[in-house]
Structures are given as C-alpha cells and as structure tokens.
Amino acid sequence: MVVGIPRLHSMSEAPRRPPLRVAPDPPPAPTFASVYREHAAFVRRSVRHLDVPDAAADDVLHDVFLIVHRRLADFDARTSMRAWLFGIARRVAMHHRRGRLRRSRREQAAPVPAATPCPEHVAASREAARWVEGFLAGLDPSQRAVFMLCEIEGLAAPEVAAATGTKLNTVYSRLRLARRRFERAVDEREKESR
C-alpha cells in the first residue's frame, strides 16, 4: 500500500449532499372574520380580567376589534395572535378605565340638583320674572340693552361698550339711569305689596 497518495473515490462512492430543502410557503394572512371568530371570546374574557365592568365589556370588545380591523395588515406573525390581541385589549381597557374615572370625577364635582321647589316658590319666581320683563319693556331701548347686558348677563361695562359700539361713558350713564329706575320700581312694588 502506498502511503501519502490520496485515494480517489469512484462516482458511486462520492459523498452525498443533503437534498435541497424548499422553504415552506408562509401561512396565509389571517382574515378579520377568522380572527374575530377564533378570538372574540378570549378578548372578552381578557377585558373582564382587566377590570372592565360587564356592562362595558361589549363596547370595549368592539373598540378592540375596530383597531384589529385597521391594523391586521401590520400583524407580525413572529408573535402569537393572542399576545397581539391582548396587547391591544390592555391598552383599550386602560383608556376605558381612565375615561370612566374622568366621568366619575365630573359627576362627583357636579352640583347636586336641588329638591323640587314648592309650588309657591315657582309661582313667585314666575311672577317676579314677569314683573322684570314688564320693567324692561318700559325702559328706553338703549338703556334696556345696557341694563340687560350688565345686570342680567353679567358683562362688564367695557364689554358692553365694545358689543354695542357705544362710548364707555355713555354705557355708564345709561346703566346708572336704568339702575335708578329699577330701584324706584322695586320700592313702588314693595309699597304696593304691603
């Protein structure tokens, strides 16, 4: 035997190469209908576990699937569909809880409605409103506008001057005259009611 000479292989003895592997086709992109059908129950359970009350769970589920419908083409198949859906559900539930908290704060800050007034107070208020309307109808139109804007609507005299296109001193003068007439009318009404 001769040492140092490599032995040549015959064709039948040639080393075999592994067969070429063809990459499998990627799975088809999920459709919205299939995602909803397969995962809606999971999303609903998830939002319930994320402290969304039963009464709002369907609304939050709807909001989650609106986002899924909009972003399904962006789904990265490297993560599971459930993980992706849970991430969306978690954010939507968080926004829902924040909104619920803001509504609760606004409701607590809102004034409590007063008890229903008694009929005598309602009648007296209506009578007083009619009397004020009668007084206003008797004023000169320029005084009426100034009196209404300042005394009833709460505007400042410079705002009234700007709104009516009248000089500021004229506004003050008309307001002073209307107030005097109002005070005299109130005094007369009180004397009549005694």
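Coordinate-derived values only; no laboratory data. In this text the structure is predicted, and so the values were computed from the model without any measurement. Positions of Cβ are backbone-derived with ideal geometry, glycine not excepted, and every protein chain shown enters the neighbour counts.
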Protection proxy ranking of 102-111, 132-141 - average other beta-carbon atoms within 10 Å, highest first: 132-141, 102-111
Residue (of V92, M81, H49) at the positive-pole extreme of the chain, dipole from beta-carbon charges: M81
Rounded FRET efficiency, nearest 0.05, which uses the C-beta distance separating W131 from R179 and R0 of 22 Å: 0.85
Whole-number percent relative contact order across the chain, with pairs defined as alpha carbons under 8 Å at least 6 apart: 14 percent
If the convex hull is drawn through the Cα atoms of region 87-194, its volume per residue in Å³: 182 Å³
Equivalent ellipsoid semi-axes - Cα gyration tensor, region 134-189, angstrom: 20, 10, 10
Separation of the R105 and Y172 label points, Cα + 7 Å toward Cβ, nm: 4.3 nm
Hull-based mean projected area of the chain, where the convex hull spans the alpha carbons, in square nanometres: 30.9 nm²
Sequence-separation-based contact order of region 134-189, relative, with Cα cut under 8 Å and 6+ spacing, percent: 38 percent
Region 29-108 - convex hull of the alpha-carbon atoms, volume per residue in Å³: 84 Å³
Full-extension gain in nm, S80 to A115, via 0.36 nm per residue minus C-alpha separation: 6.9 nm
Extended-chain gain in nm, criterion 0.36 nm per residue less alpha-carbon gap, D58 and A124: 18.8 nm
